[in-house]
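The values are calculated or read from the model by the stated rules, or taken from the named source; none is laboratory data. For clarity, every value in this text was computed on a predicted model and none was experimentally measured. Note: ideal-geometry Cβ built from the backbone for every residue, glycine included; neighbour counts use all protein chains shown. Surface areas here come from the heavy atoms of the whole protein model, side chains and all, with no ligands, DNA or RNA. Shrake-Rupley method; radii C 1.70, N 1.55, O 1.52, S 1.80 Å.
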Amino acid sequence: MQEIEEILILNSLTHPAKYIGTCPEKHTDFDLLRETKQRTFERHGDDAGGEVFAAFTLGVFFCTRHLDSFAALMDTNSLQKLPLTGKTDRSPPSKIAQNVENTPTTMIIPVLNCSLGGSCPANSYSTKAFVRDKNVSSTPPAFCPDYFRWIHEDLWPWRKTGITREMVMSANQTANFRLVILDGKAYVQTYSKGFQSRDTFTLWGILQLLRRYPGKVPDLDLMFDCGDLPVIRKENFKAAPPTLFGYCKDDSTFNIMFPDWSFWGWIDLLNCNVSGELDWGARIYAQDWQKEEKEGFKQSDLASQCTHRYKIYIQGVGWSVSGKYILACDSVTLLVKPQYYDFFTRGLMPLQHYWPIKDDDKCRSIKQAVDWGNSHHEEAQAIGKTGSSFVLNELKMDYVYDYMFHLLSEYSKLLKYKPTVPDKAVELCSEAMACLAQGLEKKFMTDTLVKGPSFSSPCTIAPRYDPASFHSVIERNITV
């Protein structure tokens, strides 16, 4: 049988983000993933005629409360190692004393108290949440994933000057909200509504951090932008840039990256479709997301797309949230070199977690990747498994919360002033959000509510890269 090399690309010209953070059931069918896991390569082997499919998804999402569930669906024990590893040692620091005093043995964080009509309880769980038993010790914290070290780099511009109130306030022109944390309580001043549910679930995630580590998150004052594009350009600020948190940045901006809300397209690529003259091994399909929304997303179910051998990640005008879900599929991720990155992507290594695609020669590069994968099944499958293993192990919710904790803690150390509650700010707590929520939004909040403090301390973050190591990290992505 003649081999057919085909890439199915779901290309979105509009963003299906109406349900982001609300988790419609069509996007959470992990039973299907359980059934289709390991079929990606088996069903398209040499004996099956070599048909190859790859799916490209843009602006799509899973509820990340299910990310940890992937561990039960995907066997990472058989992960094949490539020569370029970059694996982080997770063993506990040998010289760290056992954290006896911080071991919670009696939880007293209550379930949501909605009898107050959405008001915050007078006795906040944030400042005194559990009884300690000094006779019980906990396991020393493990080392954080390697991408945590970029926290030091992202905050480096303010290492000498510190962060003044003026630097924070100068970012309010593009911020959606201002967040102040005092004595473990959160206060929010809203400047403009974020796109759909982005601001809602970003704030919800921060509130869950306060529940997870009560009394440990330091006082702070920050501005947050929920957009897809970083806006604090380096060329505009020679010194003392504004401090603005967001979901992404690039090498020309000062934005401070934070985990996106989903933890709780691409017209030029159409040129790679088959034509009368050339066949690049790709089949490109435009996705009508408005039609999909009306019909219940029947043609865009992400779980069923995990049967494809290859999946392409490509950014459009700005950063896209879908990268981690593409990586999680066990398929080989064909990653078109992105301009923007989020908090974890600098921990990914080419030819280990993904196959790099040249931005200036996409079609030829895609065909070369598919040709190589078809003739090197085991090596290609190892790349797919290593990428999904990264999502399962390096992006589990424990580490998402720990990244938030370390980022906010290091940021707080740079503040040159004592934060105060803004005049127009309101206190925000889990009750104020979840008790007044309705429908799927309420269900999402209920499902992701942190039930009590963590029994372990946050992971231990490694120090800043030394110059030689930093140069090596940069070079590994440039020279591929």
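Structure notes:
- On inspection, S412 fails the criterion of being part of a helix (DSSP H, G or I) and open to solvent by 40 Å² or more (accessible area, probe 1.4 Å).
- Meets criteria (touching a helix residue (DSSP H, G or I) at 6+ places or on another chain (Cβ under 8 Å) and of a type outside the set (S, T, Y)) for V370: no
- Within the set D398, D402, the sole residue that is open to solvent by 20 Å² or more (accessible area, probe 1.4 Å) and in a helix (DSSP H, G or I) turns out to be D398.
- Single match in Q80, Q173 (criterion: within 25 Å of L207 (Cα to Cα) and either among the hydrophobic types (A, V, I, L, M, F, W, C) or at pLDDT below 95 (or both)): Q173
- Screening I326, I366, I383 for residues that are open to solvent by less than 20 Å² (accessible area, probe 1.4 Å), of a type in the set (A, V, I, L, M) and in contact with a Lys or Arg (Cβ under 8 Å, 6 or more places away or on another chain) leaves exactly one candidate, I326.
- Enumeration of residues in region 437-474 that are within 29 Å of F143 (Cβ to Cβ), more than 24 Å from the chain's Cα centre (by Cα) and not polar (S, T, N, Q): D466, P467, A468, H471
- Residue count for region 357-392, restricted to those that are more than 14 Å from I326 (Cβ to Cβ) and outside any helix (DSSP H, G or I): 5
- Qualifying residue in region 386-395 (condition: touching a strand residue (DSSP E or B) at 6+ places or on another chain (Cβ under 8 Å) and closer than 24 Å to I314 by Cβ): yes
- When K418 is tested against (1) modelled with pLDDT of 95 or more; (2) open to solvent by less than 60 Å² (accessible area, probe 1.4 Å), just one condition goes unmet, and that condition is (2).
- Pairing each residue of region 403-425 that is within 16 Å of L182 (Cβ to Cβ) with any residue that is in a helix (DSSP H, G or I), provided the two are 6+ apart or on different chains, yields C-beta distances under 7 Å for Y417/R165.
- Residues of region 329-346 classified as open to solvent by 10 Å² or more (accessible area, probe 1.4 Å), touching a helix residue (DSSP H, G or I) at 6+ places or on another chain (Cβ under 7 Å) and under 22 Å from V473 (Cα atoms), total: 2
- Residue within region 442-453 that is among the hydrophobic types (A, V, I, L, M, F, W, C), open to solvent by 10 Å² or more (accessible area, probe 1.4 Å) and in a helix (DSSP H, G or I) present: no
- Any hit, region 460-470, residues being among the basic types (K, R), under 30 Å from I357 (Cα atoms) and open to solvent by 60 Å² or more (accessible area, probe 1.4 Å): yes
- When residues in region 171-185 are screened for being among the basic types (K, R) and under 24 Å from the mean Cα position of the chain (by Cα), 1 of them pass.
- Qualifying residue in region 423-434 (condition: open to solvent by less than 20 Å² (accessible area, probe 1.4 Å), among the hydroxyl-bearing types (S, T, Y) and at pLDDT below 95): yes
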